[in-house]
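Read through the structure below, which is laid out as structure tokens, and then see the notes.
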Amino acid sequence: MVGKIFITRSGYDPQLGKHVKDPYLGPCPTLGACRPDVRKQLTQGDHIFVISGKIPVAPQYVMGGFEIVAKIDALTAYQQFPEQRLHRLPDGQLTGNIVINAEGKQHKLDTHNLDDHDLFEKRIKNYVIGTNLLALTTEEEIDRGRDQTLEALCEILHKRGSSPVEVVGRWGSKLSEKQVLELRAWLESLKANRN
């Protein structure tokens, strides 16, 4: 068992910024079109953790993490997870992390790499289905996460930095089994309000 931790795009913060559609940190967590490198590298039993994007009004935080239970192709995901098909929320933001239509072609709402078929093909491989989700969801949990994320990342990754990107890097960091277990224990402590 190993893992990967990465930062979502700037401005994406489920509490104070834009809606985070990928990864989906709900009852059945998934990682669909984002980070094809992570989805390709990791296998069943490995773990994925995600940090909120940079916003001007509050510190970033580890939003959550989950264990990979399976990887499937996008068309299977389209059939198995209709709620994750790309669509708009009432406020106009995009949600869903399945970026194909019923024919397996690029969804009209997915505007990434419209002229690069090869890159699109990479984005729709290895749809990740997760289990054992640990996500910070309440206002109190998120506040604790914002307060403790930088220090926890520095301690767990044995690296100093003044921001999450300085600790995990622009493309994220690989995690050892020990680091995965430490991150999960820390997230559990935040959810249980143990400091």
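Where a number appears in this text, it was derived from the coordinates with a stated rule and is not lab data. What you are looking at is a predicted structure, and each value in this text was computed from that prediction instead of being measured. When we count neighbours, we look across all protein chains shown, and the Cβ atoms used for this are built from the backbone with ideal geometry, even at glycine.
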*Taking interchain pairs and intrachain pairs at least six residues apart, which have beta carbon atoms under 9 angstrom, with the first residue in the range 171-188 and farther than 15 Å from residue 48 by Cβ and the second of a type in the set (D, E, K, R)?*
182/155; 186/155; 188/194
_Residue count for the range 91-105, restricted to those that are of a type outside the set (Lys, Arg) and more than 17 Å from residue 20 (Cβ to Cβ)_ = 5
_Contacts under 8 angstrom Cβ, first residue in the range 152-167 being farther than 14 Å from residue 182 by Cβ, partner among the β-branched types (Val, Ile, Thr), 6 or more apart_ = 160/167; 161/167; 164/7; 164/51; 164/149; 165/7
_Of all residues making up the range 54-72, the number that are buried (at least 20 other Cβ atoms within 10 Å of the Cβ) and either over 17 Å from residue 174 (Cα atoms) or among the hydrophobic types (A, V, I, L, M, F, W, C) (or both)_ = 6
*Taking the condition within 17 Å of residue 3 (Cα to Cα) and in contact with a Pro (Cβ under 7 Å, 6 or more places away or on another chain), does residue 153 pass?*
yes
*Are there any pairs, at least 6 apart or on different chains, whose C-beta atoms fall under 6 Å, with the first in the range 64-82 and closer than 14 Å to residue 101 by Cβ and in contact (Cβ under 8 Å) with a residue 60 or more places away in the chain and the second of a type in the set (Gly, Ala, Ser) and part of a strand (DSSP E or B), and if so, which?*
none
*asked:* Of everything in the range 80-106, what is touching a helix residue (DSSP H, G or I) at 6+ places or on another chain (Cβ under 9 Å), among the hydrophobic types (A, V, I, L, M, F, W, C) and part of a loop (DSSP other than H, G, I, E, B)? Give them in sequence order.
replied: 99, 102
*Determine which single condition residue 104 fails, assuming it passes every other condition in (1) surrounded by fewer than 20 Cβ atoms within 10 Å (Cβ to Cβ); (2) under 17 Å from the mean Cα position of the chain (by Cα).*
(2)
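How many residues are more than 17 Å from residue 54 (Cβ to Cβ) and buried (at least 21 other Cβ atoms within 10 Å of the Cβ) if we restrict to the range 1-20?
2
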*Determine if the range 126-139 includes at least one residue that is touching a residue at least 24 places away in the same chain (Cβ under 8 Å), touching a helix residue (DSSP H, G or I) at 6+ places or on another chain (Cβ under 6 Å) and among the charged types (D, E, K, R).*
no
